[in-house]
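*Asks:* Handing you this structure, nothing more for now.
The values are calculated or read from the model by the stated rules, or taken from the named source; none is laboratory data. Note that this is a predicted model, so its numbers are computed, not measured. Cβ atoms come from the backbone with ideal geometry, glycine included; neighbour counts cover every protein chain shown.
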Amino acid sequence: MTTSFTPDKLSTVELKPSYNIPLVLVFAGIPLLLVNPWIGGVVAIFGLFLMFQSVIIRLIFTATDLEVYRGETLIRSFPYREWENWRIFWNPVPILFYFKEIKSIHFLPIIFDPKTLKICLEQRCPQK
């Protein structure tokens, strides 16, 4: 996919965290503890893990790259020019963000504001 945009017209956008998925998992784990403690515990712990990730991980859309930060440390940068495709799964309640680069694919849970995520993707990497 060829990305067409004017870098100087795009501002840097930091996505706000979204705690929807982590909270649903934590609250779903509580009644599951009564049915099956192992499954309920795993679901609740996974929800807490995603909650922690929501707090410390930041996605920043720049004019040329998607940058992933842990606190103030840049973990990884994904240049849009290497993106082939992207998709947000399940529109009624977005739960998963997928994007494919030339050499690899990536899946991220939606622990960020899904509306701003979609707007930034459409601006920087319009789909054909």
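Per-residue answers, yes or no, for (1) exposed (fewer than 14 other Cβ atoms within 10 Å of the Cβ); (2) more than 29 Å from Cys125 (Cα to Cα); (3) at pLDDT below 95:
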site: Thr6; (1), (2), (3): yes, no, yes
site: Lys9; (1), (2), (3): yes, no, yes
site: Pro17; (1), (2), (3): no, no, no
site: Val26; (1), (2), (3): no, yes, no
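*Asks:* Considering only segment 55-82, state which residues are touching a residue at least 40 places away in the same chain (Cβ under 8 Å), touching a Lys or Arg at 6+ places or on another chain (Cβ under 8 Å) and more than 20 Å from Asp113 (Cβ to Cβ).
*Replies:* Thr64
*Asks:* Determine the pairs where a residue that is within 12 Å of Cys125 (Cβ to Cβ) and among the charged types (D, E, K, R), located within segment 84-108, has a partner that is at pLDDT 95 or above and loosely packed, with under 10 Cβ neighbours inside 10 Å with Cβ atoms under 9 Å apart, the partner being 6 or more residues away or on another chain.
*Replies:* Cβ pairs passing all conditions: none.
*Asks:* Please enumerate the residues belonging to segment 85-128 that are polar (S, T, N, Q) and farther than 23 Å from Arg70 by Cα.
*Replies:* Initial filter on segment 85-128 (polar (S, T, N, Q)): 85, 91, 104, 116, 123, 127.
Across segment 85-128, the qualifying residues are Asn85, Asn91, Gln123, Gln127.
*Asks:* Is it the case that segment 69-76 has a residue that's at pLDDT below 95 and crowded, with 18+ Cβ neighbours inside 10 Å?
*Replies:* No, the conditions are met nowhere in segment 69-76.
*Asks:* What tally of residues in segment 73-128 results from selecting those that are assigned to a helix (DSSP H, G or I) and either closer than 18 Å to Thr12 by Cβ or not acidic (Asp, Glu) (or both)? Write out each step before concluding.
*Replies:* Taking segment 73-128 and keeping what is assigned to a helix (DSSP H, G or I), we get 80-82, 114-124.
Those left that are additionally either closer than 18 Å to Thr12 by Cβ or not acidic (Asp, Glu) (or both): 80-81, 114-124.
Within segment 73-128, residues that are assigned to a helix (DSSP H, G or I) and either closer than 18 Å to Thr12 by Cβ or not acidic (Asp, Glu) (or both) number 13.
*Asks:* Given the conditions (1) over 20 Å from Pro126 (Cβ atoms); (2) among the aromatic types (Phe, Trp, Tyr); (3) touching a residue at least 24 places away in the same chain (Cβ under 8 Å), and given that Phe52 satisfies all but one, which numbered condition is not satisfied?
*Replies:* (3)
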